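As structure tokens, the structure follows; a few thoughts come after it.
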Amino acid sequence: MTSAGHDPVMLNEVVDLLQVAPGQTVVDCTLGRGGHASAIASRLGSEGLLIGLDADPRNLEYARGRLEGCACRLRLFHANFAELEEVLEECEVESVDGILADLGLSTNQIMTPEYGLSFATDAPLDMRIDPRSTVTAADIVNRWQESAIANLLYHMADERGSRRIARRIVERRKVAPIRTTGELAQLVYEAIGKPSPKDKIDPATRTFMALRMAVNAETENLECLLEVAPKHLKVGGRLAVISFHSGEDRIVKMAFRAAEKVNFGRVITRKPLVPGDDELRDNPRSRSSKLRVLERI
Ligand SMILES: C[S@@+](CC[C@H](N)C(=O)[O-])C[C@H]1O[C@@H](n2cnc3c(N)ncnc32)[C@H](O)[C@@H]1O
């Protein structure tokens, strides 16, 4: 991993497929640690404008520091990409040449205990990437009905042990509230079994993913972005989306197909692009990523 705490995925592919050129206006909806944004900014030149947003103010500030001194104009916002329309209005920009959304989380977010996203270290069960959000993962496991927790795990993460895990959570919270990532992981193991060398992924991974998606309203925000972003592309402008799991990729694929069906856009990536062997070796976390690109016609 680079010192930025996150390696940008399919960097060259993104910049090439967005066809970034001097003088353009490009939006990076997920600045993260500024990896893609730096590469985009370096191609925009002094006449170009980079609009950047991130729901996590800590990543936003890091990216701001990294982008300082780039030649292009910069407008950076602590905002959710579901608020793209408002951000563009604030910039007095109607349509842009390129939009990037690199979904999910950056490596530093997953690794930093204070986010409460990982069970590798015991930490408060938070999972909010935007501190303005009011609901934490602890709120969900301690307050939601058993059936709602089971449905969340099943629908968001295909967790086959969803009912057993939900039952164990509810039994345990009658005794004492569930407060930490370690406590939750332990309950998952009690419900569906401890990690074994045969497992490709830790049994707690799916539960953590489903909770993180609910806490950060990931599906709703993505659907909102896919509805709004294409309308703000210039003709010939491109929207690139990198997804990290099949449910997310399906939503992107369907939205792009729908745009094509009504002759609003053209899908540039018939099949999604995936990282090459070199990238997979250097950055194993890129493993599940898929890149799809739509062009406005
Ligand atoms: C995979 S990282 C992006 C990494 C970035 N492309 C780079 O090269 O460093 C995803 C980023 O998107 C942010 N994010 C996730 N959902 C968001 C949303 N709905 N609105 C805005 N930012 C979001 C996360 O906080 C995180 O910083």
Item to check | Shape box of region 1-78 [Cα atoms, principal axes, largest first, Å] | outcome: 29, 24, 20
Next on the checklist: Can you tell me the length gained on complete extension of the stretch GLU223 to GLU190, counting 0.36 nm per residue apart and subtracting the Cα distance?
Outcome noted: 8.4 nm
Next on the checklist: Looking at the chain only, what percent of DSSP beta bridges run antiparallel? Nearest 5 please.
Outcome noted: 35
Checklist entry - Given H placed 1.01 Å from N in the peptide plane, which residues other than close sequence neighbours of THR112 have an amide H under 5 Å from its amide H? => result none
Item to check | Gain in span if fully extended, GLU61 to LEU280, counting 0.36 nm per residue against the direct Cα distance | outcome: 76.0 nm
Next on the checklist: Cut-off 10 angstrom, C-alpha nodes, Gaussian network model of the chain. Which of GLY52, GLY69, GLY116 fluctuates the most?
Outcome noted: GLY69
Checklist entry - If you take the beta carbon distance between ARG287 and GLU90 as r and set R0 to 35 Å, what does 1/(1 + (r/R0)^6) give as a FRET efficiency, to the nearest 0.05? => result 0.45
Next on the checklist: With an 8 Å Cα cut-off and a minimum separation of 6 or more residues, compute the relative contact order for the chain in percent.
Outcome noted: 18
Checklist entry - If the viscosity is 1.567 mPa s and the temperature 4 °C, what Stokes-Einstein diffusion coefficient in µm²/s follows for region 177-297 when Rh is the Kirkwood radius over Cα pairs? => result 77
Next on the checklist: Taking θ = phi - 60°, what integer Hz values does the Karplus form 6.51 cos²θ - 1.76 cosθ + 1.60 yield along region 282-297, in sequence order, with x for Gly and Pro?
Outcome noted: 6, 9, x, 5, 7, 2, 8, 7, 9, 10, 10, 10, 10, 10, 6, 10
Next on the checklist: As a test of understanding, state the convex hull volume per residue of region 134-215 from its alpha carbons, in Å³.
Outcome noted: 81
Checklist entry - Gap in Å between the Cα centre of region 82-133 and the Cα centre of region 254-297? => result 20
Item to check | Shape parameters for the chain, alpha-carbon atoms, Rg then Dmax in Å | outcome: 19.8, 62
Item to check | Accessible surface, per residue, of region 134-215 when the full set of protein chains is kept, probe 1.4 Å, Å² | outcome: 55
Checklist outcome for this item: A 1.4 Å probe over the protein heavy atoms gives the chain a carbon and sulfur accessible-area percentage of 50
Checklist entry - For the chain, with only Lys/Arg (+1) and Asp/Glu (-1) charged at the beta-carbon, what is the dipole magnitude about the Cα centre, in debye rounded to 20? => result 1140
Item to check | Residue-count net charge about ARG238 - beta-carbon cut-off 9 Å; Lys, Arg +1, Asp, Glu -1 | outcome: -1
Checklist entry - Which pairs break 25 Å Cα to Cα here: LYS231/LYS253; LYS174/LYS200; LYS194/LYS253; LYS198/LYS253; LYS261/LYS290; LYS174/LYS198? => result LYS174/LYS200; LYS194/LYS253; LYS198/LYS253; LYS174/LYS198
Item to check | Sites ARG266 and ALA120, calculated FRET efficiency, Cβ-Cβ separation with R0 41 Å, nearest 0.05 | outcome: 0.45
Item to check | With at most 10 neighbouring Cβ atoms within 10 Å, loop trypsin sites (Lys or Arg not before Pro) (DSSP) excluded, longest segment of the chain | outcome: 1-131
Checklist entry - Picking from VAL87, VAL26, VAL170, which is most flexible by a Gaussian network model of the chain using Cα springs under 10 Å? => result VAL170
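The values are calculated or read from the model by the stated rules, or taken from the named source; none is laboratory data. All figures in this text were calculated on a predicted structure; none of them were measured in a lab. All Cβ positions, glycine included, derive from the backbone under ideal geometry; neighbour counts span all protein chains shown. The area values use the complete protein model at the heavy-atom level, side chains included, leaving out ligands, DNA and RNA. Shrake-Rupley method; radii C 1.70, N 1.55, O 1.52, S 1.80 Å.
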